[in-house]
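Trainee: Below is a structure I'd like to ask you about.
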Amino acid sequence: MDNINKIILEHLRSGGKTAGELKDASDCSYSILDKALRTLIDAEEIEPGWSNDDLPVRIYKLKRQKESAPFWRN
């Protein structure tokens, strides 16, 4: 499962992907992919969203890392 998570994260670095695209890239079943996606969502590594098309499709993206507050020196 860890190997699939790494493959998913690697493919999402280039932008959002559908479950079908991630399934093809990881060469696994949808049930295994679903478990991996849920694990990554729960770990706050990725986030699900929707495409902006007329026919919305579920898209998975890397979750943006929280930026640290700016440090202001007096």
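Trainee: State all residues of the stretch 1-33 that are open to solvent by less than 70 Å² (accessible area, probe 1.4 Å) and not hydrophobic (A, V, I, L, M, F, W, C); if no residue qualifies, say none.
Mentor: N5, G15, G16, K17, T18, G20, K23, S26, S29
Trainee: Among what's in the stretch 44-68 and is without any contact (Cβ under 8 Å) to a residue 24 or more places away in the chain and within 11 Å of the chain's Cα centre (by Cα), pick the residue that is most open to solvent (accessible area, probe 1.4 Å).
Mentor: Checked the stretch 44-68; the qualifying residue most open to solvent (accessible area, probe 1.4 Å) is R64.
Trainee: Determine the pairs where a residue that is over 15 Å from R38 (Cβ atoms), located within the stretch 8-19, has a partner that is open to solvent by 70 Å² or more (accessible area, probe 1.4 Å) and modelled with pLDDT of 95 or more with Cβ atoms under 6 Å apart, the partner being 6 or more residues away or on another chain.
Mentor: Cβ pairs passing all conditions: G16/K61; K17/H11.
The values are calculated or read from the model by the stated rules, or taken from the named source; none is laboratory data. Computed from a prediction, not measured in an experiment: that's the story for all the values here. Cβ sites come from the backbone with ideal geometry, for glycine too, and all protein chains shown count toward neighbours. Please note that ligands, DNA and RNA were not included when accessible areas were found on the heavy atoms of the full protein model with its side chains. Shrake-Rupley method; radii C 1.70, N 1.55, O 1.52, S 1.80 Å.
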